[in-house]
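Notes follow once the structure below has been shown.
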Amino acid sequence: MRGMFTAGVCDVLMEHGITFDGAIGVSAGATFGCNYKSHQIGRVIRYNKRFAHNWRYCSLRSLFLTGDLYGADFCYNAIPNKFDPFDYKTYAENPMRFYVVVSDCITGEPIYKELPTCLGNQLTWMRASASMPLVSTVVKVDGYKLLDGGMTDSIPLAKFQEMGYSKNVVILTQPKDFIKEPDSLLKLMRLSLRRYPKLLARMENRHIEYNMQHDYAFQQEKEGKAIVLCPEKALGISRIEHDPDKLQSAYDAGRHVAEKRFEDIKSFLSSETTFL
């Protein structure tokens, strides 16, 4: 739910008509970031507040009944196809390329999957990107067994640069001085991921990799190759926040940072070719 910050940033950029050639999202950055390509301003905060207390969206009841804390059918079928329709047509027609990061349970490596239409099984890939360990079933799609992309590549800036996107806007949901510590639930993960030793090994070192990627993003900003937008302080929101007021506060924090730094963003994106 720290992704509400990302939604706030993205909405401001969309309101100002900022377009990009490509975007890549990880976990909530995938499930919320797709609305940039469908150009649905306000959709993320709207449906998250609406369903904050709905057990089918996110609850221990959902975890017990379905194996997923975030109900797969409700989140990836009922909401986009019924309750708050996703604009598949605009998404597909938008030339911006959109990728999600998922973690391969067998190899322990990230996979970078382009989703050109969000039709067919593409939403299943998106669900995989946001399927947190311990509270999600392993997602099986196209012969793969997948979990949350943040387990193997939390900040895929270097990968996006390798793909040819040399000028990047990076949105983080932790403040600049954040230092990630070893996961407090690692002992439980050693049990739940025991069939996937290579993925478990990545999780045991995830804090080291994350901190290196975090530092790399800000180093790229110093060198003029990226601009990093992050909260000015910790958002005070949990991963599974149910309080609509706290969701709104995190969203507003994203809007504040984007508006405060908008002139910097415009200056950075002033060259002919721009990327997200």
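Key figures
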{"read-out": "Per residue, in Å², the accessible surface of the stretch 162-273 once ligands and nucleic acids are set aside, probe 1.4 Å", "value": "59"}
{"read-out": "Cβ charges +1 (Lys, Arg) and -1 (Asp, Glu), total dipole of the stretch 6-94, debye", "value": "360"}
{"read-out": "Inter-site label distance for Met14 and His207 at 7 Å from Cα along Cβ, in nm", "value": "3.6"}
{"read-out": "Among 213-225, 20-32, 36-48, 74-86, the order from most to least packed when residues are scored by Cβ within 10 Å on average", "value": "20-32, 36-48, 74-86, 213-225"}
{"read-out": "Among 235-243, 119-127, the order from most to least packed when residues are scored by Cβ within 10 Å on average", "value": "119-127, 235-243"}
{"read-out": "Selection from Leu191, Met203, Gly150 lying farthest towards where the dipole of the stretch 139-227 points positive, charges on Cβ", "value": "Leu191"}
{"read-out": "Rel. contact order, % - alpha carbon contacts under 8 angstrom, at least six apart, the stretch 1-118", "value": "28"}
{"read-out": "Zone residues, the stretch 206-230, relative to Lys260, backbone N less than 16 Å from point 7 Å out along Cα-to-Cβ", "value": "228-230"}
{"read-out": "Net length gained if the chain between Arg190 and Asp252 were fully extended (0.36 nm per residue, minus Cα distance)", "value": "18.6 nm"}
{"read-out": "Label-to-label distance, nm, for residues given as Thr137 and Ile179 (7 Å Cα→Cβ offset)", "value": "4.1"}
{"read-out": "Over 29 Å between alpha carbons, listed pairs Lys225/Lys260; Lys187/Lys222; Lys113/Lys167", "value": "Lys187/Lys222"}
{"read-out": "Sorted peptide list for 100-112, 189-201, criterion being average Cβ within 10 angstrom, highest first", "value": "100-112, 189-201"}
{"read-out": "Computed lengthening from Thr66 to Glu223, 0.36 nm per intervening residue step minus Cα-Cα distance", "value": "51.8 nm"}
{"read-out": "Cα-centre dipole for the chain with unit charges at Cβ (Lys and Arg positive, Asp and Glu negative), debye to 20", "value": "780"}
{"read-out": "Of all accessible heavy-atom area on the stretch 1-44, the percent that carbon and sulfur account for (1.4 Å)", "value": "48"}
{"read-out": "Computed lengthening from Asp243 to Lys82, 0.36 nm per intervening residue step minus Cα-Cα distance", "value": "55.6 nm"}
{"read-out": "Whole-percent carbon and sulfur share, accessible surface of the stretch 146-276, 1.4 Å", "value": "51"}
{"read-out": "For the chain, with +1 on Lys and Arg beta carbons and -1 on Asp and Glu, the positive-most of Tyr36, Gly108, Tyr251 along the dipole", "value": "Gly108"}
{"read-out": "Where Rh is the Kirkwood radius over Cα pairs, Rg/Rh for the stretch 1-148", "value": "0.95"}
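The values are calculated or read from the model by the stated rules, or taken from the named source; none is laboratory data. These numbers were taken from a predicted model, which means no experiment stands behind them. Counting neighbours? That spans all protein chains shown, and the Cβs are built from the backbone with ideal geometry, glycine included. Note: accessible area is taken over every heavy atom of the protein model, side chains too, but ligands, DNA and RNA are not part of it. Shrake-Rupley method; radii C 1.70, N 1.55, O 1.52, S 1.80 Å.
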